[in-house]
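Trainee: The structure follows.
The values are calculated or read from the model by the stated rules, or taken from the named source; none is laboratory data. Being a predicted model, the structure only gives us computed values, none of them experimental. Cβ coordinates were reconstructed from backbone atoms using ideal geometry, including for glycine residues, and neighbour counts include every protein chain displayed. Heads up: the accessible areas ignore ligands, DNA and RNA and are worked out on the full protein's heavy atoms, side chains in. Shrake-Rupley method; radii C 1.70, N 1.55, O 1.52, S 1.80 Å.
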Amino acid sequence: MLHTRGNRDLKQDDPREEIWESTTIFALDATLRRSERLRFGLGLSARYHFASLAHDLPDARAPRYELDVLPTAGYVDFSPATGLHVRAGYQTLPLGRFDVFSAVNVLGVADLRDGPSAIPGSNEIAQPALLIDYDPVSWLSVRAIYVPFFAPHIVSVLDSDYALFPGNQKNADLAYMSLEDLLPVDELRAQLKSNLLRGARDRVAMSTLSAFAPNPTFVHPQGALRITTHGDFGELALTFATAKERLPTFQLSDKAIAALSNPDAPAQDDPRPVTVEYPRFGVLSIDAAFDAPPFSLGFELSYQLHRVQYAVGTAYEGDPLAVPILGFTDIAQASGRVEYVESTTWLVGLEAFGSYAISVPSDPKRSWMFLESGHFMRGVAAMAAYSSDFGLKLQVGGAWLTGPAVVVVPRISYSFLDVFELEVGAFIIEGQAPPAFATPILSIGGIYTGLDHVFVGLRAAI
């Protein structure tokens, strides 16, 4: 499969925002079946990415490039006995029944560099794992998954619009101004522009951040046990999982908090201003799926133990409470879905969830910065698609999340010659934009509100 997509931002809020982007994915999947009981799988995904600012900056050239190859499969799959199935090697590890709002899908590794606008199906990454499926009786299935080595999500750190710490012109200028008494700033900017390309900057930042991830040893295992009963009523499953956070968490020292709260204060010696960790958490869940023609219905109830949250307080600059502090809480979540399944022409689906943080920050002046009233998060996502018998497909997806944040993704595609598909669409995301790291609650839509874009693409599959 070859899928290329290019997009242009609809607006530009900052000179450091990338307004032209294109991503090309080449994915190869192959299966070699040696017998009824033994087969091998191999898969890889090559990604070429280009992004550009509107124009060069004093310290950076406009274009940025990325090229890499990631595994999507590399396993042996065999059935040593009736009802027993084993897969060992590099594989993707989806869990649960939900496409958007699952609390159970905690073992997968994803490439998040294109954020929520990634090409569908292009961001799953394989990792070494052992998967065992056992059907002791016709109505019962047991799945056990063991992941020996920890791997974090792949994220951009600095230069992408979807980076963990996307830069803006105001902060860049302030950083250079702070060096004026020590260095010739104009010369420094010129040297950076000539010798350190934007793509190289982010590779350096990604390598530095990955150095804080746990070593690939057997002392950080992850895994899940899933027990499913099935019959005329549908399916009912219990899942128990333990995993580590795939995104880095940042714990600031007291001196770092004081420095961020008052930039004019004298610098203090601080050997470890930031600690980067990937904490462990657990998940217990029950989920079910059953048919109620013409619909397929599902639900999921979960309890997540020791999940990461960040606590903030007041909203004005210079107050220590406005600096985010790492914390933990258990979270209860309920999700539901409904899908219209009795038509090949129309596809309609709806998912919704609500979650509740069991505890609040230890400091009563702070609250969890992504949650309503310090406790709640909720959302709903919907998708509708129409497929004609001559290759035309109309699709629109949308979501509403706590914040509030709204996402709308319309798409039109046309398939021809049984191989090619042309597409055109848009990605619109909006939300309130409160001061960073401050109450009221931080909105996902507010963070990405400047990244609305239109896209065109071509997909070829053999």
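Trainee: Considering all projection directions equally, how large on average is the shadow of the alpha-carbon convex hull of segment 34-101, in square nanometres?
Mentor: 8.4 nm²
Trainee: Under the rule of -39500 (n - 2.57) per DSSP H run of 4 or more residues, summed and divided by the residues of the chain, what mean residue ellipticity at 222 nm is obtained, to the nearest 500 deg cm²/dmol?
Mentor: -2500 deg cm²/dmol
Trainee: Hey, can you rank 353-362, 122-131 by average C-beta count inside 10 Å, highest first? Working shown, then result.
Mentor: Working: 353-362: 17.2, 122-131: 18.8.
Going by the mean number of other Cβ atoms within 10 Å, highest first, we get 122-131, 353-362.
Trainee: Quick check: from the Cα gyration tensor, does segment 1-145 come out rounded (a/c under 1.5), prolate or oblate?
Mentor: Cα axes put segment 1-145 in the prolate bin.
Trainee: Determine the dipole magnitude for the chain: charges of +1 sit on the beta-carbon of Lys and Arg, -1 on that of Asp and Glu, nothing else is charged, the reference point is the Cα centre, and the result goes in debye to the nearest 20.
Mentor: Details: 35 positive and 52 negative charges, 206 e Å.
With Lys and Arg at +1 and Asp and Glu at -1, about 980 debye.
Trainee: So which trypsin sites (Lys or Arg not before Pro) in segment 15-47 are both in a DSSP loop and have at most 16 other Cβ atoms within 10 Å of their Cβ?
Mentor: Listed in order of number, the matching sites are Arg34, Arg37.
Trainee: Determine, for each peptide in 419-430, 18-29, 188-199, the mean count of other beta carbons within 10 angstrom over its residues, then list the peptides with the highest first.
Mentor: Final packing ranking: 18-29, 419-430, 188-199.
Trainee: For segment 197-310, taking Cα atoms only, what is the radius of gyration to one decimal and the Dmax to the nearest whole Å?
Mentor: Using the Cα atoms of segment 197-310, the pair Rg, Dmax is 22.0, 71 Å.
Trainee: On average, how much accessible surface per residue is there in segment 117-200, in Å², for a 1.4 Å probe, leaving out ligands, DNA and RNA?
Mentor: Counting only protein heavy atoms, the per-residue value for segment 117-200 is 54 Å².
Trainee: Can you tell me the length gained on complete extension of the stretch His55 to Arg8, counting 0.36 nm per residue apart and subtracting the Cα distance?
Mentor: 15.5 nm
Trainee: Segment 93-211: percent of C-alpha pairs farther apart than 23 Å? Kindly include the intermediate steps, with their values, before the conclusion.
Mentor: Working: 3693 of 7021 pairs.
Cα-Cα pairs in segment 93-211 separated by more than 23 Å: 53 percent.
Trainee: Continuing with this model, one more query. Under a 1.4 Å probe, what is the accessible area of segment 22-89 per residue, stated in Å²?
Mentor: Heavy-atom SASA per residue in segment 22-89 reads 53 Å².
Trainee: If you don't mind, there's one more thing I want to ask. Accessible area per residue of segment 333-386 at 1.4 Å probe, in Å²?
Mentor: Accessible surface, normalised per residue, equals 54 Å².
Trainee: Across every pair of different alpha-carbon atoms, what Kirkwood hydrodynamic radius in Å does segment 76-126 reach?
Mentor: Numbers: mean 1/r = 0.0761 Å⁻¹.
That comes to 13.1 Å for segment 76-126.
Trainee: Which whole-number percent of Cα pairs in segment 299-396 have a distance greater than 22 Å?
Mentor: 50 percent
Trainee: If each of Leu174 and Leu140 carries a label point 7 Å out from its Cα toward its Cβ, how far apart are those two points in nm?
Mentor: It is 6.1 nm.
Trainee: In whole Hz and in residue order, list the ³J(HN,Hα) couplings for segment 374-381 that follow from phi through the Karplus curve 6.51 cos²θ - 1.76 cosθ + 1.60, θ = phi - 60°; x for Gly and Pro.
Mentor: Residue by residue, segment 374-381 yields x, 10, 9, 9, 8, x, 9, 9 Hz.
Trainee: How long is the gain from Asp270 to Phe165 if the chain were fully straight, where each residue apart is worth 0.36 nm and the alpha carbon distance is subtracted? Working shown, then result.
Mentor: Numbers: separation 105, 0.36 × 105 = 37.80 nm, distance 2.16 nm.
Separation in residues times 0.36 nm, less the Cα-Cα distance, equals 35.6 nm.
Trainee: Give me the percent of Cα-Cα pairs in the chain that sit more than 37 Å apart, rounded to a whole number.
Mentor: Everything past 37 Å amounts to 32 percent.
Trainee: Keeping the other protein chains in place, figure out the carbon and sulfur percent of the accessible area of the chain, with a 1.4 Å probe. All intermediate terms of the calculation are to be shown ahead of the outcome.
Mentor: Working: 15000 of 23730 Å².
Answer for the chain: carbon and sulfur cover 63 percent of the accessible area.
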